[in-house]
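Working notes, structure below.
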Amino acid sequence: MNLESIPIQAFLIVSSALFCIGIWGLLNSRNAVRVLMSIELMLNAVNINLMAFSSYIDNNLIQGQVFTIFVITVAAAEAAVGLAILLSLYRNRVTVDMESFNLLKW
Amino acid sequence: MSIAITTQIICFTILSLIILIGALGVVLLESIVYSAFLLGGVFMSVAGLYLLLNASFVAAAQVLVYVGAVNVLIIFAIMLVNKKEDLKPINDIKSRRIISTSICLTLLSLLIRVDLTNVWSLSSPQNSIGEESTIRIGEHLFSDYLLPFEVASVLLLMAMIGAIVLARRDVMNKDISTGLPVDQALIEKSSEPLLSNKN
């Protein structure tokens, strides 16, 4: 390990903590918008991981940065479609409570 | 990067604290509007981390896409659906909280253990292309990642059309499958809470 920079473990620990916070929010929030925000947090944690590995392990080809660009693209598409689904759900149910979205329950 | 190591460590500590405390605020705060603005702060700090990792292009993309598009979209969605409602109480909420928290803490401890015990085969910093990374990303996108790049553009088009189709409110006179006239009151009913509710 070179002593000239921050250890890679620091980045990995931050991204692990961010990912777990995202999972906790995904499991526990009752507002559907907050669930979408938790998903964005988890995607960001993955991006930090990719960027750290790209900078420390693959710092010549930086394929991790290209992957991060694609993840950002997919996250933007996901946010747009997710919020549109949320709006049409709200129009049908007049609530954003996750517990009342049981349309697919049998 | 030509910043002294002490400065880097100070910047990293501040940014990580903002990220973690902001993320906790996003999932824990009562008001969803505060959560959305804290989420913007978290995105900005993540962009700062990317700058520390010598990735100025990805940092700029992060600010543009996440703060400029996703966060604004989330704030718009909150404005459209922000209705004060009394949530129905759940019976076993306490046991659910305990189970989910323990699962998350277990996962966190596992991940941190892997982070600390694994021996990463770090490459030498002499190979680093440093600030040339934008050029290298462009080369990747137009040579070996050309197919994913084109697929991503199709994906964005599909997401745009899909969002428009899902979010627009169609008022039809006839039911498509049965041909019977549609109960217009059902469509109008849902628009009332949006307009009349001031909080």
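What to note about this one:
- Options B:VAL70, B:VAL65, B:VAL58, B:VAL26: the member that is farther than 24 Å from A:GLN65 by Cβ, within 10 Å of another protein chain (Cβ to nearest Cβ) and out of contact with any strand residue (DSSP E or B) (no Cβ under 7 Å at 6 or more places or on another chain): B:VAL26
- Failed item, numbered, when A:ASP58 is tested on (1) in a loop (DSSP other than H, G, I, E, B); (2) closer than 29 Å to B:ILE98 by Cβ: (2)
- Those residues of the range B:104-131 which are charged (D, E, K, R) and loosely packed, with under 12 Cβ neighbours inside 10 Å, in sequence order: B:ARG113
- Criterion violated by A:ILE21 - all others in (1) more than 26 Å from B:MET79 (Cβ to Cβ); (2) buried (at least 19 other Cβ atoms within 10 Å of the Cβ) satisfied: (1)
- Scope the range A:81-99; condition at the interface with chain B (Cβ under 7 Å from one of its Cβ atoms), out of contact with any Gly (no Cβ under 8 Å at 6 or more places or on another chain) and closer than 16 Å to A:GLU40 by Cβ; matching residues: A:LEU83, A:ILE85, A:LEU86
Here is a yes/no grid of residues against (1) at pLDDT below 95; (2) over 21 Å from B:SER35 (Cβ atoms); (3) within 7 Å of chain B (Cβ to nearest Cβ):
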| residue | (1), (2), (3) |
| --- | --- |
| A:ILE6 | yes, yes, yes |
| A:LEU18 | no, no, yes |
| A:ASN31 | yes, no, yes |
| A:VAL46 | no, no, no |
| A:SER55 | yes, yes, yes |
| A:PHE70 | no, yes, yes |
| A:PHE101 | yes, no, no |
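- Residue in the range B:4-23 that is nearest to A:ILE23 (Cα to Cα), counting only those that are touching a helix residue (DSSP H, G or I) at 6+ places or on another chain (Cβ under 8 Å) and more than 7 Å from every other protein chain (Cβ to nearest Cβ): B:GLY22
- Output for the range A:47-81, where each listed residue is among the acidic types (Asp, Glu) and under 13 Å from the mean Cα position of the chain (by Cα): A:GLU78
- Among (1) within 21 Å of the chain's Cα centre (by Cα); (2) at the interface with another protein chain (Cβ under 8 Å from one of its Cβ atoms), the one test that B:LEU105 misses: (1)
- A:SER38 being part of a helix (DSSP H, G or I), within 7 Å of chain B (Cβ to nearest Cβ), of a type outside the set (A, V, I, L, M, F, W, C) and under 21 Å from the mean Cα position of the chain (by Cα): yes
- Scan of the range B:131-149 for residues that are modelled with pLDDT under 90 and more than 7 Å from chain A (Cβ to nearest Cβ), ordered by number: B:GLU131, B:GLU132
- Subset of the range B:26-84 [β-branched (Val, Ile, Thr), without any contact (Cβ under 8 Å) to a residue 12 or more places away in the chain and surrounded by fewer than 19 Cβ atoms within 10 Å (Cβ to Cβ)]: B:VAL65, B:VAL72
One line per residue, one yes/no per condition, for (1) at pLDDT below 95; (2) touching a Lys or Arg at 6+ places or on another chain (Cβ under 8 Å); (3) hydroxyl-bearing (Ser, Thr, Tyr):
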site: B:SER109; (1), (2), (3): no, no, yes
site: B:ILE112; (1), (2), (3): no, no, no
site: B:ILE129; (1), (2), (3): yes, yes, no
site: B:LEU180; (1), (2), (3): yes, yes, no
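The values are calculated or read from the model by the stated rules, or taken from the named source; none is laboratory data. Computed from a predicted model, the values in this text were never measured in an experiment. Note that we place each Cβ from the backbone using ideal geometry, even for glycine, and neighbour counts take in every protein chain shown.
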